Amino acid sequence: MDVAVRLAAARGAPLLLIAVMPPPPPRKAPRPDGVAARAVLGRALPRLARAGIAYQPAVYHRPGERNGRLGEAKGLLDVTVTHGCSLLVVSRSGPEGLDACTVMQAAAIRGGPFVRAASPVPWAPLAAPRPPA
């Protein structure tokens, strides 16, 4: 996230935040405004507010079936291109099929967008707010 914030601030451009969600349940359309997607995106909002960067939320639902090694990366790139984004920052140790190496390979085959690898940040669970004492 820090790499993406620095790049967006340097370019004076808004940041496209893509929440990667599990496959939707069968026979149910994915809801981009779902609670889980908002929780994922909400983890980044304090950093964006401190940096004063505008953002645009987006959601990518991983496919339920296996699409090969580059299939999921192609889906993520489709979301990126749909929103007019020319630079994508991806974690080196992202989930299978969405790590920086795989997304870079898919982008090279597709002809864009540019993908930058970022070091992963240790994951910390969300803490519930404490009630006032």
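The values are calculated or read from the model by the stated rules, or taken from the named source; none is laboratory data. If you're wondering where the values come from, they're calculated on a predicted model, not measured in any experiment. Here the Cβ is made from the backbone with ideal geometry for all residues, glycine too, and neighbour counts use every protein chain on show. These accessible areas exclude ligands, DNA and RNA; they are computed on the full protein's heavy atoms, side chains included. Shrake-Rupley method; radii C 1.70, N 1.55, O 1.52, S 1.80 Å.
It is to be established whether one or more residues within segment 86-100 are modelled with pLDDT under 85 and farther than 21 Å from Asp2 by Cβ. Scanning segment 86-100, I find at least one residue that is modelled with pLDDT under 85 and farther than 21 Å from Asp2 by Cβ, so the answer is yes.
Taking every residue in segment 4-15 that is among the hydrophobic types (A, V, I, L, M, F, W, C) and pairing it with any residue that is part of a helix (DSSP H, G or I) and open to solvent by 40 Å² or more (accessible area, probe 1.4 Å), at least 6 positions away or on another chain, the pairs with Cβ-Cβ distances below 8 Å are Val5/Arg47; Val5/Ala51; Ala8/Ala51; Ala9/Ala51.
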